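Worksheet: one structure, shown below.
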Amino acid sequence: MAGPLRALAVLAVVVATLAGGYLAVVSVRQEETLSVGSIRLSVSPGHKGALDVYVPLVDWGARFESIRLPARLRVDLRTVDREALQKVAQGAPLDVSTVRTEARDAIARFLRRLIAVVVVAGFALGLLTAFAVRHHHSPRLRWTVGAAATTALAMGVALVVLLPPRGELAKPEYYAYGADIPRALDAAATVQRSARALEQELDAQLVGLARLVTQPADRRPVEGRPRITIASDLHNNALALPVLERAAGNGPVFFPGDLTDRGTPAEIALLASVTQLGGPFVFVTGNHDSDTSAQALADAGAIVLTQFGRLKPGGGFGPIVTEVADLRVAGYADPYQRRAADAYADHFQPEPSPVQRQSFARWFHDQVEGKADVVLVHEPALIADVLGSLRESPPPRPLLFVVGHTHTASMDPQGPVTVVNGGSIGAGGTGNLADTPTDLGLARLSYDTTDGFEPLAVDLVEIDPGSGAATARRERLDQPEAENSSATS
């Protein structure tokens, strides 16, 4: 009996030491004053390792996956020096090198203090527990005290090795609390830029100037350019419609399928307002939509596209390629869309058949290729054959495929061809269609039509349906002007 009791006593000391270290990690905060303002440093454990740079003044920030410990090292801007801000606003240069050095030194001081506090706090609580469990059946005090000291030192070593940011701070993930992250990205792009790239922009973010951009400043700005909002896979989740409305504003919405779960008249009645969200609302059916829902949307004023042409109110088809917001747009109805004549039965298969892929390829090459800028298709696998042929023989002008179905946001550039998936705006829908919890997802495309269609950037946005916290990343599709000019000279 004495053996198990001694093991339990040692285990209690180790657990207490770990608990003391954890409490220190979540409790330690440190304020640091830089030449341009003040920041607060803290650590939030239990997350994927990252360095978070957050600006409460504008309620958004940037996240860099540069930490190996499952914790976030937070750098929160607290105040901005008024005089420094005025000088920058008037066009004065910012001493980025000095700010960078100050910020790095501040982080180093905080980490040293945090590690010391974790070791001391963990050992102190372990030591108290060692004395508390002293008993004639417990191990000798030197063993329990040694266990506390060893555990505390191990925590310190782990923090030294895993907590400091490592590697290059590149490709940040932007986040905010709400659906306005694309506006935050635009705000970053509108501030005066220097000729240097990401590292300067990170330093400016540290001092609250919101100048983080992911690419060099010689690229054309996207603010003021026309935009479309891309969303799909609502699956009857009407609660997500305000999010889509807010993100779209009065601009066009391209919706590549699965607005409903079965496409019945009752579902369409529930979602009748969806056609008012975009200016206009452009739609192709998915495997959870139906011929009934497609016609109802067309009757309500939506632009419903099929391989036979635009669906007219009351029935019949118009042209295959339709102009929307200076874009030439075509769409292909999902082969597995449901039909009223079949009682909206589900005939879906996990993958489109070779015959279905070949039918799409014939339609594309015969009816659309060279005539459309954007093609809407619900099922990404349906376009596999076409993407293969376009890789072998790239089109002379940019071409965008807008897809859905996977509930996963993605952007896949393949030369002049780009495939964009906004994820699931319905977070998997009301029918629990997703195997795992799914965020609300959408994308926004910024483009130019001065010399024909040219996509500039895609913002991929994901919003936690519970907390409303949003993350986003901006992917540039255009080449920097300096690179273009050197390539043609």
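The values are calculated or read from the model by the stated rules, or taken from the named source; none is laboratory data. Values in this document were obtained by computation on a predicted structure and should not be read as measured data. Neighbour counts run over all protein chains shown; Cβ positions are idealised from the backbone, glycine included.
Summary of values
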read-out: One residue from E323, E351 being in the same structural domain as R391 (by TED's automatic domain parsing), in a strand (DSSP E or B) and surrounded by fewer than 20 Cβ atoms within 10 Å (Cβ to Cβ); value: E323
read-out: Residue in the range 354-375 that is crowded, with 22+ Cβ neighbours inside 10 Å, within 18 Å of N287 (Cα to Cα), touching a residue at least 12 places away in the same chain (Cβ under 8 Å) and within 28 Å of the chain's Cα centre (by Cα) present; value: yes
read-out: Sole residue being farther than 28 Å from E173 by Cβ, hydrophobic (A, V, I, L, M, F, W, C) and either out of contact with any strand residue (DSSP E or B) (no Cβ under 8 Å at 6 or more places or on another chain) or at pLDDT 95 or above (or both), chosen from L387, L400, L382, L433; value: L382
read-out: Among (1) surrounded by fewer than 23 Cβ atoms within 10 Å (Cβ to Cβ); (2) touching a Lys or Arg at 6+ places or on another chain (Cβ under 8 Å); (3) over 22 Å from G422 (Cα atoms); (4) of a type outside the set (G, A, S), the one test that R328 misses; value: (3)
read-out: Every pair of residues 6+ apart whose Cβ atoms lie under 9 Å, when the first sits in the range 13-36 and is part of a loop (DSSP other than H, G, I, E, B) while the second is surrounded by 17 or more Cβ atoms within 10 Å (Cβ to Cβ) and hydroxyl-bearing (S, T, Y); value: V28/S42; R29/S42
read-out: Test for L259: is it assigned by TED's automatic domain parsing to the domain that holds Q337, under 25 Å from the mean Cα position of the chain (by Cα) and surrounded by fewer than 24 Cβ atoms within 10 Å (Cβ to Cβ); value: no
read-out: Residue check for Y336: in contact with a His (Cβ under 7 Å, 6 or more places away or on another chain), buried (at least 17 other Cβ atoms within 10 Å of the Cβ) and assigned to a loop (DSSP other than H, G, I, E, B); value: yes
read-out: Conditions (1) over 36 Å from the mean Cα position of the chain (by Cα); (2) under 14 Å from A16 (Cβ atoms): number failed by M155; value: (1)
read-out: Selected residue (criterion: farthest from I268 (Cα to Cα)) from residues of the range 301-315 that are in contact (Cβ under 8 Å) with a residue 12 or more places away in the chain and crowded, with 17+ Cβ neighbours inside 10 Å; value: Q307
read-out: Matching residues in the range 474-487 - criterion: being modelled with pLDDT under 80 and more than 17 Å from R397 (Cα to Cα); value: P480, E481, A482, E483, S485, S486, A487
read-out: Condition met for T292 (farther than 20 Å from H365 by Cβ, part of a loop (DSSP other than H, G, I, E, B) and either assigned by TED's automatic domain parsing to the domain that holds E379 or of a type in the set (S, T, Y) (or both)); value: no
read-out: Odd one out for G278, checked against (1) surrounded by fewer than 22 Cβ atoms within 10 Å (Cβ to Cβ); (2) in contact with a Pro (Cβ under 7 Å, 6 or more places away or on another chain); value: (1)
read-out: Residue tally, condition among the acidic types (D, E) and part of a strand (DSSP E or B), over the range 370-410; value: 0
read-out: For G318: the one exception among (1) surrounded by fewer than 18 Cβ atoms within 10 Å (Cβ to Cβ); (2) of a type outside the set (D, E, K, R); (3) farther than 22 Å from A298 by Cβ; (4) in contact with a strand residue (DSSP E or B) (Cβ under 7 Å, 6 or more places away or on another chain); value: (3)
read-out: Residue tally, condition under 23 Å from Y54 (Cα atoms), part of a strand (DSSP E or B) and at pLDDT 75 or above, over the range 445-473; value: 9
read-out: Members of the range 226-275 that are of a type in the set (V, I, T) and either touching a Leu at 6+ places or on another chain (Cβ under 9 Å) or at positive phi (or both); value: I228, T229, I230, V243, V253, T260, I268, V274, T275
